[in-house]
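K.L.:
This is the structure I have questions about; it appears just below.
The values are calculated or read from the model by the stated rules, or taken from the named source; none is laboratory data. All values derive from a computational prediction rather than experimental measurement. Cβ placement follows ideal geometry from the backbone for every residue including glycine, while neighbour counts extend to all protein chains displayed.
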Amino acid sequence: MSIEKCKNKIDLLEKLHENGYDKLTTFLTYPEFDEDNIHDRKGNINVPGKYLELKDSYIYENKEKNIYSEEFLNDINIDNGMVFIGLNAATRDTQFNENHSVFQTMHDANVNHRKHNKTNDNFIAYSVHKTKAYGSFAFDIIDNFPKNEISDTTIKHLSENIEKTEFSQTDEIKDLNHMEKSDDLMNNFKKYYVPAFISIIKMIQPTKLICFGENATKLTKSIVKSTKINDCLSKNFKIIEVVHYAAQGSKGSYKYKKDEIEKAIK
């Protein structure tokens, strides 16, 4: 299947489904976000700690026939020029459940981890709330990798090796339906992650890749450099780092994270 920019939302969703990307990607839509209750009595930001997974009833009109709902189609946005990128889907453990719903990457949907009052999802939801970033396409660079934590040293090693590798500008979408789990991260990068990255970016052709955190940014820059994928994108193409949605301390507030997103999407 030749890689061309998707004609519309339906075209993109069909390609994602056909090639196994719908379980490894998402859209920053939050139909259950409580916009009427985001401040406490003193006016401080106090987003309720609610899990905001995308339910099948929201995504589909008819799941068996893979027909998407009007609400979902209205909410997703592939024309704002933005794609958001995270590092590792395994930290949420959702991709290891074969029965989990599509488009759950970057959405906290694992009931076994419901221990905290605030979830990362709430920070992302508030950050894109009522901005042109709402509904943007998003994905993690690393998928289907069985180790939750990846060290900064490993990221540095990956980045250096990727930049030394010449990846071809494939004309075919990488089909991930038969992707194998492996403990060999470098092999996964060369065989799956980079070709999938190329396919996704070519299908959407964004002008901005907005990366959550330093490590996602570092790997994104290395992949773009090694593939020269920006040669087929807009001259205004940019890679922008924003604070990671799980950041703590001085950078961990709702306001700080929303301010970062608003600066990035201008």
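K.L.:
Please identify the pairs in which a residue from segment 194-209 that is on the phi > 0 side of the Ramachandran plot has its Cβ atom under 7 Å from the Cβ atom of a residue that is aliphatic (A, V, I, L, M), counting only partners at least 6 apart or on another chain.
P.N.:
Close Cβ pairs satisfying both conditions: Gln205/Leu233.
K.L.:
Looking at Gly86, is it in contact (Cβ under 8 Å) with a residue 24 or more places away in the chain, closer than 18 Å to His129 by Cβ and among the small types (Gly, Ala, Ser)?
P.N.:
no
K.L.:
A further question on this structure: Quick one: count up the residues across segment 210-225 that are under 17 Å from Lys174 (Cα atoms) and in contact (Cβ under 8 Å) with a residue 40 or more places away in the chain.
P.N.:
Of the residues in that region, 1 qualify.
K.L.:
Another question about this same structure. Scan segment 32-48 and give yes if some residue there is under 18 Å from Ala138 (Cα atoms) and of a type in the set (S, T, N, Q), otherwise no.
P.N.:
No, that holds for no residue.
K.L.:
Oh, and also: With (1) closer than 24 Å to Gly81 by Cα; (2) acidic (Asp, Glu); (3) at pLDDT 85 or above as the list, and Asp171 as the residue in question, which single condition is left unmet?
P.N.:
Among (1) closer than 24 Å to Gly81 by Cα; (2) acidic (Asp, Glu); (3) at pLDDT 85 or above, the lone unmet condition for Asp171 is (3).
K.L.:
Report yes if Phe103 is at pLDDT 95 or above and crowded, with 18+ Cβ neighbours inside 10 Å, otherwise no.
P.N.:
Criteria not met by Phe103.
K.L.:
Could you list, in sequence order, all residues of segment 206-234 that are part of a loop (DSSP other than H, G, I, E, B) and closer than 21 Å to Ile261 by Cβ?
P.N.:
Scanning segment 206-234 gives Pro206, Thr207, Gly213, Ser234.
K.L.:
Would you mention how many residues in segment 57-79 are without any contact (Cβ under 8 Å) to a residue 60 or more places away in the chain and in a loop (DSSP other than H, G, I, E, B)?
P.N.:
Of the residues in that region, 6 qualify.
K.L.:
Inside segment 28-55, can you point out the residues that are free of Cβ contacts under 8 Å to residues at least 24 places away in the same chain and either under 17 Å from Thr105 (Cβ atoms) or assigned to a loop (DSSP other than H, G, I, E, B) (or both)?
P.N.:
Within segment 28-55, Glu32, Asp34, Asp36, Asn37, Asp40, Arg41, Lys42, Gly43, Asn44, Asn46 meet the criteria.
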